[in-house]
Amino acid sequence: MIELDGLTKRYGDKLAVDGISCTVRPGIVTGFLGPNGAGKSTTMRMMLDLDRPTAGEVRLDGRHYRQLRDPLRVVGALLEAKAVHGGRSAYHHLLCLAQSNGIPRSRVWEVLDTVGLTSVARKRAKGFSLGMGQRLGIAAALLGDPQVLLFDEPVNGLDPEGIHWIRNLMKNLAAQGRTVFVSSHLMSEMALTADHLVVIGQGRLLADTSMADFIARNSRSYVRLRAPEHERLLDVLTGAGITAVTTAGGALEVDGQDAAHLGELAARHQLVLHELSPQQASLEEAFMRLTAESVEYHAHTDPLSVPQAAGAPGQPSAPPPAPRAGWGADWRKKGS
């Protein structure tokens, strides 16, 4: 179990984490979501005593991380997969961690096999691809067979097979009664993995709820109907006291009604339906709606405008000058 109690972190005038209190429970996968700059990484670093809170505290199974004698036996974490000496082999990197925490040498080979790196165990980490480095980081998190696991962007760099593997691994770890806390920006993957969500924005707690409840609370759910006798269907719905809105595509949208009830109503009036489909927002849509006011960095989809040079009234402006030959190479050399 992970307990956050009034957790706060300030860097000068910047309040990165603002009084977060929540409990991450064992037996389920808890997703940790928030826009860039929300304070997710800072929060996870404070869980591991890499950053000291300005106020509040974090307890891991009732203790602070710094109080753990052999921390890897209690908490396994993947925060930065490339945090490994490039000159060490995968095997020796894990062996060093194991020996510092009283973990037997045999466990190193077990986790290398689990993450699929046995064949490259003796190769230096500096030659690893992003995906291989990610697997090594996951192996390090699993090394002490801990009851608490923290993963920050665990699918980064993994191929489809690897993504499927880590998803099932996290679910299996939770099913064993472990506490699994995972941060990711991949909403589609989080929707398939997490059972519970903790969402923060601008350092503050925005939601601490189940996946299903989060989507229901932060999105619109409705039923879409389409029928060849559009007007008669609309009359039947209106007669039953049901408000329906006609969309641009000719379908009807109904809020607050069960699809089965609407289907039975149409059947009683011998109406043929070409579509009867419940509609619910995705996790991504619900997340975007909740965090719309908490996004720190806003990008735009409009093409970048090119400033126009002044010209004579009514005349098109002169085009910008073409870059001189070799400019790109000079720029790269100068490192500007």
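Rule-based calculations on the coordinates, nothing more; no lab input. The model shown is predicted, which means the values in this text are computed figures rather than measured ones. Cβ: placed from backbone, ideal geometry, glycine included. Neighbour counts: every protein chain shown.
A few points about this structure:
- Footprinting exposure proxy for Ser106, Ser277 (fewest neighbouring C-beta atoms within 10 Å first): Ser106, Ser277
- Ranked by how many other beta carbons lie within 10 Å on average, peptides 196-209, 233-246, 152-165 from highest: 196-209, 152-165, 233-246
- Across the cross-link table entries Lys40/Lys82; Lys126/Lys171; Lys82/Lys171, which are compared at the Cα atoms, the separations over 27 Å belong to Lys126/Lys171.
- Packing-based ranking of 262-273, 137-148, 21-32 yields 137-148, 21-32, 262-273, ordered from highest to lowest mean Cβ neighbour count within 10 Å.
- Qualifying trypsin sites (Lys or Arg not before Pro) in the range 115-176, where qualification requires a DSSP coil assignment and no more than 16 other C-beta atoms within 10 Å, comprise Arg122, Lys123.
- Positive-end extreme of charge dipole, the chain - chosen from Ile215, Phe128, Ile242 (charges on Cβ): Phe128
- Mean residue ellipticity (222 nm) of the chain, computed from DSSP H runs ≥ 4 via -39,500 (n - 2.57), nearest 500: -9500 deg cm²/dmol
- Extreme residue, positive dipole direction of the chain, given options Pro154, Pro228, Met187 (C-beta unit charges): Pro154
- Sparse-neighbourhood loop sites, trypsin sites (Lys or Arg not before Pro) in the range 1-101 - DSSP loop, at most 16 other Cβ within 10 angstrom: Arg69, Lys82, Arg88
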